[in-house]
1. Kindly indicate whether any position in the range 36-44 is in the same structural domain as residue 90 (by TED's automatic domain parsing), modelled with pLDDT of 85 or more, under 24 Å from the mean Cα position of the chain (by Cα) and buried (at least 18 other Cβ atoms within 10 Å of the Cβ).
2. I'm told residue 95 meets every condition in (1) modelled with pLDDT of 85 or more; (2) within 28 Å of residue 78 (Cα to Cα); (3) touching a helix residue (DSSP H, G or I) at 6+ places or on another chain (Cβ under 9 Å) except one. Can you identify the failing condition by its number?
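The values are calculated or read from the model by the stated rules, or taken from the named source; none is laboratory data. These numbers come from a predicted model, not from an experiment. Glycine gets a Cβ as well: all are built from the backbone with ideal geometry, and neighbour counts include every protein chain shown.
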């Protein structure tokens with residue numbers, strides 16, 4: 001039986017097995033799995049406090065939900081191996097740990113998907129704002145030209161403002177076309193990384 005008395009011991013034992021616990025994003029989840037394995041509450045009721053943070057870390061690294069689940073399951077299986085070699089958990093606790101690993105993987109995949117949707121929504125909101133500003137400039141310039149006439153001293157300035165706004169709109173439309181052409185090749189989680197730069 002291994003002597004496992006702290007999370008440092010768990011981490012060392014997992015790293016000996018060549019798991020991806022070196023990915024620091026998984027450490028809070030592994031710690032939580034280890035603690036919750038010894039509890040008695042039904043697995044179906046467990047909501048992992050670390051799930052959202054782990055999901056955000058995977059999304060930031062442009063990891064797909066399936067890749068994240070694979071990492072969680074591999075680290076979880078290694079944790080089960082460590083637990084089987086210690087006195088901390090009996091057979092019931094090991095069985096619970098197996099269920100918790102599966103539940104954590106599902107929760108993290110769900111959080112990643114929700115995060116992707118949230119980031120896409122934020123990106124589209126940003127884009128809508130970026131399109132609205134030049135449109136307002138064009139509408140204002142046209143209104144001023146109609147009110148003051150094309151012969152007014154400021155007419156050339158109004159036309160210049162409208163032309164500049166049209167160029168901004170063209171840039172944003174190009175951004176959208178580029179995004180549309182590239183989206184098939186990008187993994188889920190791209191939305192937070194491809195917001196157009198402010199010019």
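1. no
2. (3)
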